[in-house]
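Below is one structure, written out as structure tokens; the observations come after it.
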Amino acid sequence: MRRRTLLAGTTAALVAPAIARAQAAEWPKGPIRVVVPFPPGGTTDPVARILAAKVSDNTGWATVIDNKPGAAGAIGAGVAAKALPDGQTWMITFDSHILSPAFTPNLTYKDSDLFNVMLVGRAPLAVACHPDRPYRTMGDVVADAKARPGKVSVGLLSASGALLLTAYLQKANGFELNQIYYKGGGPTVQDVLAGVTDVTVTTLGALQPHFRAGKLRALATTGDRRAPSLPDVPTLAEQGLKTYPTYSWWGVYVPAGTPRSIVDRMSVELTKAARSPDVTQKFAEQIEMEVLASTPEEFAAFQAGEQERWFKVIRDNNIKSD
């Protein structure tokens, strides 16, 4: 019996890798649907299109972008979570995805319904104001807000990392802003350009064209070091503020239960595509992205850490979705 058990175990150990290799070899079985939980425009759609196109160029696999916008990305994430776990459905999304459990009532899926494949890359946020405002740094904004509590207005995307960072900054550093919430990132930029709001906190990629044109002034960036494109603009931490290094980021997911052999092959091809010099250059020029191309395990650990941090900020500040 012992010999038979050993033989059975040995056979299983030999067969399992063979099955995994066969699964990967037979995949994909037709076009790969790449769900993007946001409309064209913004940053997530071009990230998905650039990355998917490069994977197709490298492998010959057909990829089809499927925009499923709504509910701050939760509708598209629900579509991806409920798809067959066969490697034929991917989701490429933005950092707000991991905040959905806190902000979206009656969420149709759980975090565990989606598997982390790759953290594509990250980019810092930036704080900006109209040039007619008297601010030169974020320190100037803080000083004004302390002198006039609740009078300095800041435009923020609702249910976003920018909102959470701004809430944390106020509580940790003892000042109060008048927070104005928007349904999209575009309108936050338009209103600070028009002088409707005093400042905004949003993605550096969305603000950079206006910095270059002199239509907006950069007051700070939110990363752990200065942005290469804004070497003269100090980070929040450099300005003496208590803060968390904060980034926009983009990631790739598949439905939970997708065979690991397929996930591993995806990971290899996605990494090759993301690190291609032409793709790296496009990401840097268009959205200031630093390519990370993480492993699935690194991505899952990163997400867990981000959720622990920001969910605490949500609780501590009683932040609601609207």
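The values are calculated or read from the model by the stated rules, or taken from the named source; none is laboratory data. Source: prediction; values computed, not measured. All Cβ positions, even for glycine, are placed from backbone atoms using ideal geometry, and neighbour counts span all protein chains on display. For accessibility, only protein heavy atoms count, side chains too; no ligands or nucleic acids. Shrake-Rupley method; radii C 1.70, N 1.55, O 1.52, S 1.80 Å.
With a ≥ b ≥ c taken as the square roots of the eigenvalues of the C-alpha gyration tensor of segment 39-90, please select rounded if a/c is under 1.5 and otherwise prolate if a/b is larger than b/c or oblate if it is not? Note, shape of segment 39-90 comes out oblate. Centroid-to-centroid, using Cα positions, segment 303-322 and segment 78-116 are 18 Å apart.
Any chance you could check the Cα centroid distance between segment 244-276 and segment 183-243 for me, in angstrom? Comparing the Cα centres of segment 244-276 and segment 183-243, I get a distance of 28 Å. Identify which of the listed values of log10 I(q)/I(0) by the Debye sum over Cα atoms at q = 0.08 Å⁻¹ was calculated from the structure shown: (i) -0.40; (ii) -0.47; (iii) -0.35. Matching entry in (i) -0.40; (ii) -0.47; (iii) -0.35: (i). Counting only alpha carbon atoms, the long axis of helix 2-25 and the longest principal axis of the chain meet at about 60°.
The mean sequence separation of alpha-carbon pairs under 8 Å and at least six residues apart, normalised by the residue count of segment 131-246, gives a relative contact order of 28 percent. The C-alpha atoms of the chain define a longest principal axis, and helix 277-287 lies at about 40 degrees to it. Dividing the helix sum by the residues of the chain, where each DSSP H run of 4 or more adds -39500 (n - 2.57), gives a mean residue ellipticity at 222 nm of -14000 deg cm²/dmol. Of the listed residues Y244, Y182, the order by accessible area with a 1.4 Å probe, largest first, is Y244, Y182. State whether segment 226-322 is rounded, prolate or oblate according to the following rule on the C-alpha gyration tensor (a ≥ b ≥ c being the square roots of its eigenvalues): a/c under 1.5 gives rounded; otherwise a/b larger than b/c gives prolate, and the remaining case gives oblate. Oblate shape, in that a/c is at least 1.5 and b/c is the bigger or equal ratio. Dipole orientation for the chain: of the candidates T197, A25, W310, A25 has the Cα lying most toward the positive pole (charges on Cβ; Lys, Arg +1; Asp, Glu -1). About its Cα centre, segment 85-212 has a charge dipole of approximately 340 debye under the convention of +1 per Lys or Arg Cβ and -1 per Asp or Glu Cβ, with nothing else charged.
Under the shape rule built on the C-alpha gyration tensor, where the axes satisfy a ≥ b ≥ c, segment 124-216 is oblate, since a/c reaches at least 1.5 while a/b does not exceed b/c.
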